[in-house]
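Some notes on the structure that comes next.
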Amino acid sequence: MPDSLASLFPTLYAGIAEFPRRQFGMIRAVQVDGQLSRAAKGQSVVWDVPQVSGAVDIEPAATLPAPAADVAKALTYTMAHRKGVRIAVTGEASEAIGDANMAIRRQNQYLQAFDALAAGIESYLAGVAILNASRAFGTADTVPFTASSTNLEYFAKLWGILAKNDRSNGELSLVLNTATAEAMRAYMGMLWKANEAGDDEMMKNGYRTRVQGFNVYETNQITKHTKGTGANYVLNGAHAAGATEITVKTGTGTILAGDVISIADEPSGSKYVVTKGIESAGTLTIGAPGLLGAAADGKAVSVHQYTPNLAFNQSALGLGCRLPEIPKEGDAAIDATSIRDPYTGLVFEVRRYAEYRQIVDEISIMYGAIVLDPEAIAIGLS
């Protein structure tokens, strides 16, 4: 068995080359800052938010105007997760499989390792988005597309949430859970019939890349949100339009962060995402920009069960990834290399360890997420 990773570079890159074909919609849709520097778990790192000063009047003059102020904005977030996958090879396995088949086996193992790490990131990003979204649309616990679907209201309403929040400019994405994506394929004929869609992309490939201004992705890492046990709550006092602090009374049970609530007589069946919950009667927080209309004292508050689809502007979320920190003196690895997926921007480290009668390759990544603009996130119920 080789003690160097150099001979495995073709296998590594063959594995990462398959990565773009995987269903990692969240990773594709967010901003990714992948650097080959190291970071420790729990370490705070900086996310630079580009900004410019406002427009000014231009007046001819003999001297240059004062320089624009530096309005750069630096936010900090935490490297929250350090994950790795270990692949072991023994002498018996190497002998039994043979060199040619071992290369194929390793390629498949590396791809599975990249998949496993990316799936964890995908699930993590979806969770962050849900807990920080602004508002929601859709029917609770109901797949939005059925055999009777005749229009694109679901897409339009989610776009409308972002537009009302002044977040519809820029790169918009809609990441669908698998049940919704399946229903879209089955029932949304206006998207796969070439005479209605304008092309045969979905008929041939099974997916639609753009609908109603959204880049459309899917992921199997979005699962049903389990709502709190709260029931029979009503508003405690009148609440003005734009309120994000919502006080409730008389009911029982919990309302959790990530729950979607509605309030009786709110405009157009508005639904709001809870960002800070309650364990009993008290004050919960919903995502900005808050209530669409004023709500009177005693209005019923309903909590909805749902599986989310996520609509957001690329400016909403950032994913930072680094190589996991090691001791300054090094560790027991006999070789190490790093690899970047050019499609997603993710960076991985591969470290080789010579153990007792076996070689172990560890593929690892360190990552964390930052919410840059919560008002640029909407939830589609299903």
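Note on the chain: semi-axes of the ellipsoid equivalent to its C-alpha gyration tensor, largest first and rounded to whole Å, are 42, 27, 24. Other residues whose C-beta falls under 12 angstrom from the C-beta of Asn313 contribute a net charge of -3, scoring Lys and Arg +1 and Asp and Glu -1.
May I ask you to compute the full-extension gain from Asn220 to Glu245, defined as 0.36 nm times their residue separation minus their alpha-carbon distance, rounded to one decimal in nm? Write down the numbers at each step before the final one.
Details: separation 25, 0.36 × 25 = 9.00 nm, distance 3.34 nm.
Going from the current span to full extension adds 5.7 nm.
If you wrap a convex hull around the Cα atoms of the range 244-305, how much volume per residue is inside, in Å³? Before the final figure, lay out each step's value.
On the way: hull volume 4.6 nm³, N = 62.
Expressed per residue, the convex hull around the Cα atoms of the range 244-305 is 75 Å³.
Tell me the angle of helix 178-187 to the major Cα principal axis of the chain, expressed in degrees between 0 and 90 and rounded to the nearest ten. Compared with the principal axis, the helix lies near 70 degrees.
Test of understanding: given the chain, find the longest segment containing no GluC sites (Glu not before Pro) that are in a DSSP loop and have at most 16 other Cβ atoms within 10 Å. Display every interim value, and only then the final one.
Working: sites that count: Glu18, Glu171, Glu279, Glu325, Glu329.
The reported range is 19-170.
Per-residue ellipticity at 222 nm computed for the chain from its helices equals -7000 deg cm²/dmol, with DSSP H segments shorter than 4 residues left out and the rest contributing -39,500 (n - 2.57). Which one of Gly269, Thr219, Leu284 is farthest out on the positive end of the charge dipole of the range 207-289, using unit charges on Cβ (Lys, Arg +1; Asp, Glu -1) and the Cα centre as origin? Projecting each Cα onto the dipole axis, the largest value belongs to Thr219. Near Gly34, the amide H atoms lying under 5 Å from its own belong to Cys321; only residues 5 or more places off or on other chains count, and H is placed 1.01 Å from N.
Bridgeable lysines around Lys157 (alpha carbons under 16 Å apart, same-chain partners fewer than 8 residues away excluded): Lys271. In whole angstrom, note down how far apart the Cα centers of the range 296-328 and the range 7-41 are. Cα centres, the range 296-328 to the range 7-41: 22 Å. For the pair Ser123 and Lys73 in one chain, pulling the backbone fully straight at 0.36 nm per residue adds 15.2 nm over the alpha carbon distance.
Averaging Cα coordinates gives a centre for the range 253-291 and one for the range 95-160; these two points are 26 Å apart. Residue pairs exceeding 25 angstrom between C-alpha atoms, taken from Lys224/Lys276; Lys83/Lys227; Lys164/Lys224; Lys276/Lys299; Lys73/Lys328: Lys83/Lys227; Lys164/Lys224; Lys73/Lys328.
Under 1.5 on a/c is rounded, so check that first for the range 282-328, then, if it is not, pick prolate when a/b is larger than b/c and oblate when it is not; a ≥ b ≥ c are the square roots of the alpha carbon gyration tensor eigenvalues. List each step's numbers first, then the result.
Values: a/c = 2.91, a/b = 2.55, b/c = 1.14.
In terms of gyration-tensor shape, prolate.
Evaluated at q = 0.11, 0.14, 0.20, 0.24 Å⁻¹, the base-10 log of the normalised Debye intensity for the range 101-195, with identical point scatterers placed on the Cα atoms, takes the values -0.52, -0.75, -1.11, -1.30. Computing FRET efficiency as 1/(1 + (r/R0)^6) for Ala288 and Asp265, where r is the C-beta to C-beta distance and R0 is 22 Å, gives about 0.55. Taking the range 44-66 and a reference point 7 angstrom along Cα→Cβ of Gln31, the backbone N atoms nearer than 17 Å belong to 45-53.
Pop the C-beta distance of Thr209 and Asp297 into the FRET formula with R0 = 56 Å and round what comes out to the nearest 0.05. Numbers along the way, then the final one.
Working: r = 48 Å, r/R0 = 0.85.
With a Förster radius of 56 Å, E is 0.70.
Rounded to whole numbers, the Karplus 3J(HN,Hα) couplings from phi for the range 74-84 are 10, 9, 10, 8, 10, 6, 8, 10, 10, 10, x Hz, using 6.51 cos²θ - 1.76 cosθ + 1.60 with θ = phi - 60°, and x at Gly and Pro.
Bear in mind these aren't lab numbers, they're just calculated from the coordinates by the rules spelled out. Here the structure is a predicted model, which is why all the values come from computation and not from measurement. FYI the Cβ positions are ideal-geometry reconstructions off the backbone, even for glycines, and counts take in every protein chain you see.
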